[in-house]
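Okay, structure first, notes after.
The values are calculated or read from the model by the stated rules, or taken from the named source; none is laboratory data. Please read all numbers here as calculations on a predicted model, not as lab measurements. Here Cβ is always computed from backbone atoms with ideal geometry, including for glycine, and neighbour counts include all displayed protein chains. Please note that ligands, DNA and RNA were not included when accessible areas were found on the heavy atoms of the full protein model with its side chains. Shrake-Rupley method; radii C 1.70, N 1.55, O 1.52, S 1.80 Å.
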Amino acid sequence: MIDAVAVAVDAEEILRNLPDGGSLVDDLHALRKLGLNDQRMWQALVGLSAELQKNPELGAAIHERLVDPRVRVIHGLLERARIRGELRRNDMDIELLAQIPAAMVAYRILVLGKPIDTDFLVSTCEEVLLPLVT
């Protein structure tokens, strides 16, 4: 069922193939240009949300194959930024910070019923994530 919802993302492959843009801003813009906003995947999860409450195995599988890889990509970009000295503090919890975009996407689709569009993705990065970390 999960494979029918979306193609799993290989976080390590994306990070290997995404050139280091020299800054977190440029890395996030390059990632957005890859078109991984996964509108269809997130909308399919809306339909599965009731089932996810009753089926922990399905929830774990969706997290492992669909959500976590996307979080790991953001984590990798934040780690690049840490290495470059861009983060305002080196002890920031990038595990937690990397979850913010996915959490905002889920809230937008599941709670607000709005689509994921370019303006939303740019605002999430430029008005939420970047001010928190830089």
Sequence-separation-based contact order of the chain, relative, with Cα cut under 8 Å and 6+ spacing, percent: 32
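Given the rule -39500 (n - 2.57) for each run of at least 4 DSSP H residues, summed and divided by the residues of the chain, what is its mean residue ellipticity at 222 nm, to the nearest 500 deg cm²/dmol?
Helix contribution divided over all residues of the chain: -16500 deg cm²/dmol.
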For the chain, built as a Gaussian network whose Cα springs stay under 10 Å, the top-fluctuating residue of 67, 122, 105: 122
Gain upon complete extension [residue 79, residue 58; 0.36 nm per residue less C-alpha separation]: 4.6 nm
Helix 68-84 axis, angle to the chain major axis (alpha carbon atoms, nearest 10°): 10
Reported label for calculated Rg/Rh (Cα atoms, Kirkwood Rh) given [x] 1.02; [y] 0.94; [z] 0.97: [z]
With DNA, RNA and ligands ignored, accessible area of residue 68 (1.4 Å probe; Å², nearest 10): 50
Distance between modelled label sites at residue 91 and residue 43, nm, 7 Å Cα→Cβ extension: 4.5
